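One structure is given below, encoded as structure tokens.
The values are calculated or read from the model by the stated rules, or taken from the named source; none is laboratory data. Since the structure is predicted, the reported quantities are computational estimates derived from the model, not experimental observations. Here the Cβ is made from the backbone with ideal geometry for all residues, glycine too, and neighbour counts use every protein chain on show.
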Amino acid sequence: MGARQVDTGVAGLVLGVEDGVATLRIDRPEAKGALTAAMWAAIPGLLAGLAADPEVRVLVLTGTGGVFSAGADIRELQGHYATAESADAYHALNSAAEQALAAFPKAAIAFVQGPCVGGGCQLAVACDLRFADATARFGVTPAKLGIVYDAASTARLARVVGVSTAKYLLFSAELMDAQQALRAGLVEDVFAPEDAEARVYALARTIAARSQLTVRAAKDLLASDTADPDRVAAWEQASRASSDVREGLAAFTERRAPHFTWGTA
């Protein structure tokens with residue numbers, strides 16, 4: 001599978017696919033990765049396209065030039081908060097983008113360098129896994145602006161870091177460095193800046209080579225705190241009907257790399 005670029009239709013978002021890994025890049029380093037309303041609005045459609053693309057097995061969400069995202073574009077916020085109606089419409093864009101990322105059916109990894117604050121952190125937390133280099137800084141900062149954090153975002157943050165740490169982040173609006181984020185469980189690992197990208201993409205390619213039936217079933221079943229018997233049964237039935245288990249066992253016996261095909265065209 002060769003590298004290809006996908007037109008996002010919006011300034012500030014760049015999308016490419018290579019070796020089964022899609023990279024959605026927040027590309028506004030001059031604005032510290034600030035997310036415009038147009039960028040928020042574009043995210044659900046881009047993710048829907050990637051979800052339907054059989055070549056894509058893993059998504060990496062990242063930034064550009066050592067910057068992930070400092071959050072919403074502050075220059076736009078005064079206009080969005082001019083009326084209750086416009087504020088509600090703007091929040092709906094944020095929520096739709098975050099929910100689309102959380103509901104993305106394939107593995108999603110946030111690779112964080114530099115600031116990951118406000119809406120940027122909101123998107124990172126919506127991913128399945130988060131990795132950072134040593135320059136990363138994380139913050140959830142609505143208390144600096146007098147904004148009430150979305151209920152779904154608050155609950156998702158608490159599931160990742162625990163209630164007490166979520167309260168600390170929301171109450172104080174203070175930033176965590178990469179090592180603090182690692183201790184809090186906000187990131188899975190912290191890498192040196194010089195090899196962080198290689199480490200993250202090596203893992204992304206590893207996940208892309210695994211059985212996507214297993215990956216997607218695990219993601220779906222872990223999305224709920226309680227096991228839904230019907231969902232479990234549906235995935236078990238899919239497993240029985242798929243060739244992935246036979247291929248996995250054959251590859252193990254023959255001491256070769258497996259070639260899983262579930263979910264491909």
- Query: In this structure, is VAL117 touching a helix residue (DSSP H, G or I) at 6+ places or on another chain (Cβ under 8 Å) and modelled with pLDDT of 95 or more?
  - Reply: no
Checked GLY9, GLY45 against criteria (free of Cβ contacts under 8 Å to residues at least 40 places away in the same chain, out of contact with any strand residue (DSSP E or B) (no Cβ under 7 Å at 6 or more places or on another chain), assigned to a loop (DSSP other than H, G, I, E, B) and not β-branched (Val, Ile, Thr)); the one match is GLY9
Output for Cβ contacts, cut-off 6 Å, separation at least six or different chains, first residue in contact (Cβ under 8 Å) with a residue 60 or more places away in the chain in region 250-263, second among the polar types (S, T, N, Q) and surrounded by 10 or more Cβ atoms within 10 Å (Cβ to Cβ), reads GLY263/GLN212
Only one of SER239, SER211, SER172 is surrounded by fewer than 17 Cβ atoms within 10 Å (Cβ to Cβ), farther than 27 Å from SER69 by Cβ and either touching a residue at least 12 places away in the same chain (Cβ under 8 Å) or not assigned by TED's automatic domain parsing to the domain that holds ARG130 (or both), namely SER239
(request) Determine, yes or no, whether GLN113 is under 29 Å from ALA218 (Cβ atoms) and among the polar types (S, T, N, Q). (result) yes
When region 242-265 is checked residue by residue, the ones that are closer than 18 Å to ARG57 by Cβ and surrounded by fewer than 10 Cβ atoms within 10 Å (Cβ to Cβ) are ALA257, ALA265
Over region 94-117, the set of residues crowded, with 22+ Cβ neighbours inside 10 Å, among the aliphatic types (A, V, I, L, M) and more than 12 Å from the chain's Cα centre (by Cα) is VAL117
Would you say ALA31 is free of Cβ contacts under 8 Å to residues at least 12 places away in the same chain and over 30 Å from PHE260 (Cβ atoms)? no
Region 63-159: helices (runs of 4 or more DSSP H) wholly inside it with 2 or more residues that are among the polar types (S, T, N, Q) are 84-102
Quick count over region 21-36, residues being surrounded by fewer than 20 Cβ atoms within 10 Å (Cβ to Cβ) and in contact with a helix residue (DSSP H, G or I) (Cβ under 6 Å, 6 or more places away or on another chain), is 0
Checked pairs for region 134-162, first in the same structural domain as CYS121 (by TED's automatic domain parsing) and without any contact (Cβ under 8 Å) to a residue 40 or more places away in the chain, second of a type in the set (Phe, Trp, Tyr) and surrounded by 14 or more Cβ atoms within 10 Å (Cβ to Cβ), C-beta under 6 Å and 6 or more apart or across chains, list as PRO142/TYR149
Practice prompt. Would you be able to say whether some residue in region 228-235 is surrounded by 12 or more Cβ atoms within 10 Å (Cβ to Cβ), outside the structural domain of VAL56 (by TED's automatic domain parsing) and among the basic types (Lys, Arg)?
Written response: yes
Exactly one of ALA108, ALA103 is in contact with a Leu (Cβ under 9 Å, 6 or more places away or on another chain) and either of a type in the set (Ser, Thr, Tyr) or under 27 Å from ILE147 (Cα atoms) (or both), and that residue is ALA103
Considering region 12-38, residues that are of a type in the set (Gly, Ala, Ser) and part of a loop (DSSP other than H, G, I, E, B), and then whichever is farthest from VAL117 (Cα to Cα), we arrive at GLY20
